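See structure below.
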Amino acid sequence: MNDSVEDRFSRWELDRILRIYPGLSLRPIVKGEIRLAGRLVFEADADGLPRIEDAYEVEITVPPGFPRDLPAVKETAGRIPRSFHTNGDGSLCLGSPLRLQLELCRQPTLIGFLERCVIPYLYGFSYRENFGTLPFGELDHGSKGLQQDFADLFGVESQIVAIAMVTSASMKKRDANKRPCPCGSGRRLGKCHNRRINGMRKQLGRTWFREQCLVLAGK
């Protein structure tokens, strides 16, 4: 989409995020990327878990293709060690691309990304500092963790089956539904796991799933 920075400000509700989180401010825009940086103050809890108030120094770089392309978030005060769920470039590993994209499907704005993706990560780290464990569990890093997440999403135990379901989601609906269901039931996909796979395809798109096929293949 060839829109202006002003269009993105409006569509992403940047003014709202700056009102709700006044410790953040806009930084110079470079190559179309919008950056927010500063002190992120939050209060958060989870089901059955204590409420935590905390603050982190962060920098959020938002690519022009947001929400399809995910922002990069860095903690800039050195509080979160590189050994704790960070990517090679130092950005925070907020979760699997699958979960992050599903959250953004529900609320495709920066405030949605911040409150559904960034703050839960920071809450988890604060919880770990206070109680010594992570509140939500954790996935393995890399392709193995992604396979785990797809298996959970599709409701199957085998990661091999999960990969086959990702391949089905990358295909056109009418073609995929004619193929044997990857779960091994012996039925066509259209008579088996079609609702789950078709629902994910509708939310995230065939292109996104094709990209995940390449990631799972290590390409």
Practice item. State all residues of segment 60-75 that are open to solvent by less than 50 Å² (accessible area, probe 1.4 Å) and touching a strand residue (DSSP E or B) at 6+ places or on another chain (Cβ under 8 Å); if no residue qualifies, say none. Key: Ile60, Thr61, Val62, Pro63, Pro71, Ala72, Val73, Glu75
Study note, to complete from the structure: Apart from one, (1) in contact with a helix residue (DSSP H, G or I) (Cβ under 8 Å, 6 or more places away or on another chain); (2) free of Cβ contacts under 8 Å to residues at least 24 places away in the same chain all hold for Lys74; the odd one out is (1)
Exercise for review: Please work out which one of (1) farther than 30 Å from Glu211 by Cα; (2) open to solvent by 60 Å² or more (accessible area, probe 1.4 Å); (3) among the hydrophobic types (A, V, I, L, M, F, W, C) is the condition Phe9 fails and give its number.
Suggested key: (1)
Study note, to complete from the structure: Only one of (1) at pLDDT 95 or above; (2) crowded, with 16+ Cβ neighbours inside 10 Å; (3) over 24 Å from Gln203 (Cβ atoms); (4) not aromatic (Phe, Trp, Tyr) does not apply to Gly78, and that is (2)
Check your understanding: Which residue pairs have Cβ atoms under 8 Å apart, sit 6 or more places apart or on different chains, and have a first residue in segment 16-32 that is within 13 Å of Ile60 (Cα to Cα) and modelled with pLDDT under 90 and a second that is of a type in the set (Val, Ile, Thr) and assigned to a helix (DSSP H, G or I)?
Key -> Ile29/Val5
Practice item. Determine which member of the set Phe209, Phe136, Phe113 is closer than 30 Å to Glu13 by Cβ, within 17 Å of the chain's Cα centre (by Cα) and in a loop (DSSP other than H, G, I, E, B). Key: Phe136
Exercise for review: Among what's in segment 81-103 and is among the small types (Gly, Ala, Ser) and surrounded by fewer than 17 Cβ atoms within 10 Å (Cβ to Cβ), pick the residue that is nearest to Arg39 (Cα to Cα).
Suggested key: Gly90
**Study point:** Elements of type strands (runs of 3 or more DSSP E) in segment 1-96, at least 3 residues being closer than 21 Å to Glu129 by Cβ
**Key:** 33-46, 49-62, 72-75
Review point. Restricting the search to segment 188-200, which residues are charged (D, E, K, R) and either modelled with pLDDT of 95 or more or touching a Lys or Arg at 6+ places or on another chain (Cβ under 7 Å) (or both)?
Key: Arg188
Exercise for review: Say whether the condition of being without any contact (Cβ under 8 Å) to a residue 60 or more places away in the chain, part of a helix (DSSP H, G or I) and open to solvent by 70 Å² or more (accessible area, probe 1.4 Å) is met by at least one residue in segment 176-190.
Suggested key: no
Review point. From the list Glu53, Glu43, which one is modelled with pLDDT of 95 or more, open to solvent by 70 Å² or more (accessible area, probe 1.4 Å) and within 22 Å of the chain's Cα centre (by Cα)?
Key: Glu43
Study note, to complete from the structure: In the set Tyr121, Tyr127, the lone residue that is of a type in the set (Phe, Trp, Tyr), closer than 16 Å to Leu70 by Cα and modelled with pLDDT of 85 or more is Tyr121
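The values are calculated or read from the model by the stated rules, or taken from the named source; none is laboratory data. These figures come from a predicted structure and were not determined experimentally. Positions of Cβ are backbone-derived with ideal geometry, glycine not excepted, and every protein chain shown enters the neighbour counts. Heavy atoms of the whole protein, side chains included, go into the accessibility calculation; ligands, DNA and RNA do not. Shrake-Rupley method; radii C 1.70, N 1.55, O 1.52, S 1.80 Å.
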